Structure formats: structure tokens, C-alpha cells
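The values are calculated or read from the model by the stated rules, or taken from the named source; none is laboratory data. As the structure is a computational prediction, the values presented were derived from the model and not from experiment. All Cβ positions, glycine included, derive from the backbone under ideal geometry; neighbour counts span all protein chains shown.
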Amino acid sequence: MIEARELSKHFKDGKRGLVRAVDGISFECKGGEVYGLLGPNGAGKTTTLRLLSTSLRPTSGTALVNGIDVVSNPEKVRSQIGFLSGNTGIYGRLTPREMVGYFGELYGMSDEIITKRTDEVFSMLDMHDFADVRNEKLSTGMKQKVSIARAVIHDPPVMVFDEPTTGLDVMSSRTIVEFIRRCRDENKCVIFSTHIMSEAMRLCDRAAIIHKGRIFASGSIQEILERAGEDNLEDAFIKIVGE
């Protein structure tokens with residue numbers, strides 16, 4: 001459901017010259033699996049996900065999301081994706097119900113379907129108790145649930161998680177991890193970036209080690225460990241990238 005072929009994004013920097021943020025990477029992510037992009041900050045993970053979500057236009061290469069080209073039909077691609085990161089902003093003066101409804105309208109959903117879908121999502125995330133409280137008064141964990149609800153109100157087949165647990169406490173992180181597993185159980189295509197190798201060990205069916213904009217290894221977690229001859233994913237990562 002996600003297919004990237006020789007995908008690249010280059011930037012010009014006054015001090016560093018040409019920066020190859022993403023440099024010819026290829027991978028596939030299917031429905032019913034969690035595919036991890038594993039690497040440190042600055043490896044190219046976020047840029048890759050922004051290319052897939054059409055926030056950035058690739059310098060070269062191609063990417064399809066649910067069979068739709070990210071360059072030729074970006075609006076259709078966005079309708080297929082739910083995007084969540086660790087710092088997704090929410091509107092403080094709106095309530096969760098108002099904010100989720102607003103995003104439903106942006107996706108062209110009718111009032112009737114928004115009401116029905118909001119009730120389903122709020123039940124799934126146990127949000128009814130604070131559905132009509134202003135977002136600015138919510139706890140971090142509650143706000144993260146609002147961000148999740150906003151991302152899935154249109155029931156997208158593809159979920160994109162860009163380091164979604166960064167800066168969150170244990171309980172909030174647990175909510176995200178459980179939701180990622182739920183997406184997989186619902187046969188959604190899930191792509192998940194992280195620099196926390198223990199998260200990858202728990203969540204990813206397959207993964208790619210990305211460093212300096214390139215993929216150094218890919219496959220199941222077990223295959224990556226075997227390639228490196230290590231039992232620990234962090235040690236395997238260091239050995240594979242040679243640093």
C-alpha cells in the first residue's frame with residue numbers, strides 16, 4: 001500500500017552545499033503490517049514521511065500510496081493517510097469534538113457521518129468524558145488522544161507515525177503503542193519512524209535502517225539482527241552503519 005522507488009529529496013544549503021536528505025531509497029509497506037524507518041535524528045526519516053504525505057515534493061524517484069502517485073495526485077493521497085507525530089498541534093480553544101468535527105469537514109465528510117465516526121473513535125480511545133472540554137485544559141495524554149482522533153476521523157487505510165512518542169510520558173506513549181497495534185489489527189498499512197530501538201523491537205514487522213539519507217539494511221527485525229550477528233537492535237544498527 002506504500003511503494004517507494006529510488007525516492008530522493010535534495011536541498012541547497014548555503015554552508016553545506018547540496019544536502020541529500022533522502023538519497024534514492026526504495027521500500028514497500030503492506031496492509032496489516034508495521035514498517036519501521038529506524039535511524040538517528042537527521043537520518044532522513046521525517047523527510048521521507050513528508051514526501052509520502054505530499055508535504056514535500058521529491059527531487060527524483062516515485063512513491064505510490066494506496067496505488068496513487070504522490071506527485072501527480074497529492075490531494076487524493078492525503079485522503080488516504082492519517083498522519084501523527086509527537087508534536088502534532090491542536091487548537092486550544094476548541095473542544096475535542098469541535099476539532100475532530102472540523103477535520104472531518106476538511107475531508108468532505110457529511111455531518112451525519114462525522115457524528116457517527118466521532119462517536120466510534122471517542123469510544124475506541126475512551127474520550128467521551130472530556131469530549132466537550134477545551135483542549136487547552138486537557139492533560140498531555142488526553143491531547144495525544146485528540147491528535148489520534150483527528151488523524152483517523154476519515155478512517156484512512158494508511159497510517160504514518162513520525163516519532164509519535166517523542167517527549168511523551170509512559171502512559172501517553174503506551175496509548176500510542178496500543179493504537180499502532182490496533183491499526184495493524186485492522187489491516188491498515190502502518191509506517192512508523194523512530195530512533196528508539198526498543199520500540200521497533202516491540203512494534204515492527206519489517207524495518208529499514210536509514211542513515212544519512214540512505215537505506216543500509218532492510219527486512220524483518222530478526223533478519224536485520226542475523227545480518228549484523230547481534231541479539232540487540234541497537235548494537236545491530238551501530239554495526240550496520242559502521243559508526
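Odds and ends about this structure:
- Test: residue in the stretch 30-41 that is of a type in the set (A, V, I, L, M), more than 30 Å from Leu138 (Cα to Cα) and either in the same structural domain as Ile180 (by TED's automatic domain parsing) or not in a strand (DSSP E or B) (or both): yes
- Qualifying position, being in contact with a Ser or Thr (Cβ under 8 Å, 6 or more places away or on another chain), at pLDDT 95 or above and of a type in the set (Asp, Glu), among Asp132, Asp162: Asp132
- Scanning the stretch 14-42 for residues that are within 16 Å of Ser193 (Cβ to Cβ) and small (Gly, Ala, Ser) yields a count of 4.
- The C-beta contact set for the stretch 107-132 (first residue part of a helix (DSSP H, G or I), second residue of a type in the set (Lys, Arg), distance under 9 angstrom, 6+ apart or interchain) comprises Thr118/Arg97; Phe122/Arg97; Phe122/Lys145; Met124/Arg182; Phe130/Lys137; Phe130/Lys145.
- Residue count for the stretch 81-90, restricted to those that are outside any strand (DSSP E or B) and modelled with pLDDT of 95 or more: 0
- The set of residues in the stretch 51-80 being assigned to a helix (DSSP H, G or I) and either over 28 Å from Phe216 (Cβ atoms) or over 13 Å from the mean Cα position of the chain (by Cα) (or both) consists of Pro74, Glu75, Lys76, Val77, Arg78, Ser79.
- Where Ile148 falls short, out of the listed (1) surrounded by fewer than 19 Cβ atoms within 10 Å (Cβ to Cβ); (2) outside the structural domain of Ile180 (by TED's automatic domain parsing); (3) touching a helix residue (DSSP H, G or I) at 6+ places or on another chain (Cβ under 8 Å); (4) at pLDDT below 95: (1)
- When the strands (runs of 3 or more DSSP E) confined to the stretch 136-215 are screened for residues that are in contact (Cβ under 8 Å) with a residue 12 or more places away in the chain and more than 30 Å from Gly108 (Cβ to Cβ), those reaching at least 2 such residues are found at 206-211.
- Conditions (1) in a helix (DSSP H, G or I); (2) out of contact with any helix residue (DSSP H, G or I) (no Cβ under 8 Å at 6 or more places or on another chain); (3) farther than 18 Å from Glu28 by Cα; number of the one not met by Thr48: (3)
- Boolean, Ile224 is part of a helix (DSSP H, G or I), in the same structural domain as Glu28 (by TED's automatic domain parsing) and either modelled with pLDDT of 95 or more or touching a Ser or Thr at 6+ places or on another chain (Cβ under 6 Å) (or both): yes
- Qualifying positions in the stretch 12-26 - of a type outside the set (Val, Ile, Thr), at negative phi and in contact (Cβ under 8 Å) with a residue 40 or more places away in the chain: Arg20, Ala21, Asp23, Ser26
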